[in-house]
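Here's the structure, in structure tokens; my notes come after.
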Amino acid sequence: MKIAIMQPYIFPYIGYFQMISAVDKFVFYDDVNFIKQGWINRNRILVSGQGHLFTVPLSKANSFSLIKDTLISENLYESWKMKFLQTLSQSYKRAPYFKPVYNLISEILNGPSKSISELAIESILAVSQYMNLKTQFIISSQSYQNRHLERQERLFDICKQENSFHYINASGGQELYKKEDFLVQGIHLDFIKSLPLEYKQFTDPFVPHLSIIDLLMFNNRDEVNGLLTQYEFIN
């Protein structure tokens, strides 16, 4: 059984969902420190033919707080949400799948989430359901009680608690983890890497590395599921 463990990101790019589709169980690693200037509360969409950064406003976010404890700003969120949905409408209203995708995003953003962890997880769960992914999702803070362990030992522990001995990590993990260390624990480690891909946006040239929002606006479910297979495992 394959397992992946990742921090929750808001409407992440396709590589995140490729990882989800490649495993049987996916763990939202929400009880680790928040990463400032990372992708937990921000991503990019297409605006006027260019990548445009959007950022969910947070309350006193810092790298000493856990992701699950990092709250959305009560004062700023409503105005940000209205402006963001307006930007989506203006930017994507001519996209072939605008209406269902816009409705999906609006429902997520209008939900009851109070923390960035809750909102990011909901964005991933809702999109995964929209794409008919069958992966089982688990929230770390609700399941393992192992924050006392060091970083790598926590991963070992999660794999063993889930009876999973095949761990899939993002390609960037090659700088942090060695396959030999996992093999000592009886765990096979693979790194997943997205292959270069393009799809039709409004005009050329193609703008890569955008949020899953962009991909959904321009592709139907079958096309999306085809793109989800465009990855490789690095030996």
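The values are calculated or read from the model by the stated rules, or taken from the named source; none is laboratory data. Here the structure is a predicted model, which means the values were calculated and not measured. In this analysis, Cβ positions are derived from the backbone assuming ideal geometry, glycine residues included, and neighbour counts consider all displayed protein chains. We work out accessible area using only protein heavy atoms, side chains counted, and drop any ligands, DNA or RNA first. Shrake-Rupley method; radii C 1.70, N 1.55, O 1.52, S 1.80 Å.
Scan segment 168-181 and give yes if some residue there is open to solvent by less than 60 Å² (accessible area, probe 1.4 Å), among the acidic types (D, E) and either out of contact with any Pro (no Cβ under 9 Å at 6 or more places or on another chain) or in contact (Cβ under 8 Å) with a residue 60 or more places away in the chain (or both), otherwise no. No, because not a single residue in segment 168-181 is open to solvent by less than 60 Å² (accessible area, probe 1.4 Å), among the acidic types (D, E) and either out of contact with any Pro (no Cβ under 9 Å at 6 or more places or on another chain) or in contact (Cβ under 8 Å) with a residue 60 or more places away in the chain (or both). Residue by residue through segment 1-22, note down the ones that are crowded, with 20+ Cβ neighbours inside 10 Å and more than 14 Å from the chain's Cα centre (by Cα). The answer is I3, and nothing else. Against the numbered list (1) in contact (Cβ under 8 Å) with a residue 24 or more places away in the chain; (2) among the hydrophobic types (A, V, I, L, M, F, W, C); (3) open to solvent by 10 Å² or more (accessible area, probe 1.4 Å); (4) assigned to a helix (DSSP H, G or I), V207 comes up short only at (4).
For every residue, the table says whether it meets (1) among the small types (G, A, S); (2) surrounded by fewer than 18 Cβ atoms within 10 Å (Cβ to Cβ); (3) touching a strand residue (DSSP E or B) at 6+ places or on another chain (Cβ under 9 Å).
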| residue | (1), (2), (3) |
| --- | --- |
| L88 | no, no, yes |
| K93 | no, yes, no |
| P96 | no, yes, no |
| E118 | no, no, yes |
| I124 | no, no, yes |
| F137 | no, yes, yes |
| H148 | no, yes, no |
| L155 | no, no, yes |
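Picking from residues in segment 182-199 that are in contact with a strand residue (DSSP E or B) (Cβ under 7 Å, 6 or more places away or on another chain) and among the charged types (D, E, K, R), the one that is most open to solvent (accessible area, probe 1.4 Å) is K193.
Conditions tested, residue by residue: (1) part of a helix (DSSP H, G or I); (2) modelled with pLDDT of 95 or more.
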site	(1), (2)
E122	yes, yes
L133	no, yes
H148	no, no
R154	yes, yes
G186	no, yes
Y199	no, yes
L216	yes, yes
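A count restricted to segment 100-116 and to residues that are under 16 Å from F54 (Cα atoms) and either surrounded by 18 or more Cβ atoms within 10 Å (Cβ to Cβ) or not small (G, A, S) (or both) stands at 5. Listed by first and then second residue, the pairs linking a residue in segment 95-116 that is free of Cβ contacts under 8 Å to residues at least 60 places away in the same chain to a residue that is of a type in the set (K, R) and open to solvent by 40 Å² or more (accessible area, probe 1.4 Å), with Cβ atoms under 7 Å apart and 6 or more places separating them unless they lie on different chains, are S115/K68.
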